[in-house]
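Down below is the structure, laid out as structure tokens.
What follows draws every value from the coordinates through simple rules; no lab data is involved. Everything numeric here is computed off the predicted structure, so don't read it as measured data. Note: ideal-geometry Cβ built from the backbone for every residue, glycine included; neighbour counts use all protein chains shown.
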């Protein structure tokens, strides 16, 4: 098993969008209800700079298997040392340890970039993602009950966090 992380380029954006869109019907990972387009993600893509807010494509044995991003948290200067982590694994590559490798890689990268805190926003019904982050010592920092309506069901959001550097 060879897992590698490479900086995403503009040519990776269609793949990134495809993996994201693949997660929408499951109603576990995103609050988007309909597929998005590459055009919808261009501004988001531009906000990710390798030495500041990285966006990485994950390769598994030379095949693209997902992506990882560290995004600015809340857009205010005082939060500069805090990022939101997003990990999306292609359905064909789930349950191969890629998510765990991505969390570990993100933490090392964050420390090198001077990031001190990583937060994750995870739906309360997304047991696999909650397990992944709890296994990596992320703590429950908040619970927002019934903040999302998907397919007629109210869904809650958990906030998990971890200090990388004190």
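Structure summary
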item: Relative contact order [Cα under 8 Å, 6+ residues apart], segment 1-93, whole percent; result: 29
item: Residues 86, 71, sorted so that the one with the fewest Cβ neighbours within 10 Å comes first; result: 71, 86
item: Among (1) -0.34, -0.46; (2) -0.27, -0.41; (3) -0.22, -0.35, the entry that matches log10 I(q)/I(0) by the Debye sum over Cα atoms at q = 0.08, 0.10 Å⁻¹ as calculated here; result: (3)
item: Mean ellipticity per residue at 222 nm, deg cm²/dmol - from DSSP H runs of n ≥ 4 across the chain, formula -39500 (n - 2.57); result: -7000 deg cm²/dmol
item: Counting DSSP beta bridges with both ends in segment 20-133, the antiparallel % (nearest 5); result: 80
item: Fewest-first sequence of 38, 103 by Cβ atoms within 10 Å of each Cβ; result: 38, 103
